[in-house]
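Read the structure below first, then the notes.
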Amino acid sequence: MQNLNPQRKAFLDMVAWSEGTDNGRQPTRNHGYDIIVGGELFTDYSDHPRKLVTLNPKLKSTAAGRYQLLSRWWDAYRKQLGLKDFEVVNKNWPPS
């Protein structure tokens, strides 16, 4: 997380911890940036993984990454912020 003041970094760390992606309970190779909701890992950051996971009969989700972004919101963020791929989330999300 480049160029983040300590308060923003603490906030994002809290989001990751509460999402369960970087709290020490979930296997991860990349500080939670590689987690799909439900626990599967991904390695291709060219785009949001867009994997629809059924968590229970009434709950499905496409959440992915350290902050568990949904694919439908990722498309809007990508367009609005001019992001080229999902890997940018690893380096400097959110933009300053």
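A Cβ-based charge dipole, computed about the Cα centre of the range 1-60 with Lys and Arg at +1 and Asp and Glu at -1, lands at about 200 debye.
Taking P49, P57, P27 as the candidate residues, the one with maximal mean-square fluctuation in a Gaussian network model of the chain, Cα springs under 10 Å, is P57. Overall size of the chain from C-alpha positions, given as principal axis extents largest first: 41, 31, 23 Å.
Say the cut-off is 27 Å between C-alpha atoms; which of K51/K84; K58/K79; K9/K58; K51/K79 go over it? K58/K79; K9/K58, as the Cα separations exceed 27 Å there.
The ranking of W17, W73 from fewest to most other beta carbons within 10 Å of each one's beta carbon is W73, W17.
By other beta-carbon atoms within 10 Å, ranking V15, V37 with the fewest at the front produces V15, V37. Ordering A64, N23, T54 by the projection of their Cα atoms onto the charge dipole of the chain, which places +1 on the Cβ of Lys and Arg and -1 on the Cβ of Asp and Glu, puts T54 at the extreme positive end. The relative contact order of the chain comes to 28 percent, based on Cα pairs under 8 Å that sit 6 or more residues apart. In the range 36-85, inverting the average of 1/r over every pair of distinct C-alpha atoms gives 11.4 Å as the Kirkwood radius.
Structural descriptor for the range 1-53: relative contact order 18 percent, calculated from alpha carbon pairs under 8 angstrom and at least 6 residues apart.
Every number in this text was worked out from the coordinates using simple rules, so none of it is lab data. Quick caveat: nothing in here was measured; it's all calculated off a predicted structure. Ideal geometry is used to build each Cβ from the backbone, glycine not excepted, and the neighbour counts take in all protein chains shown.
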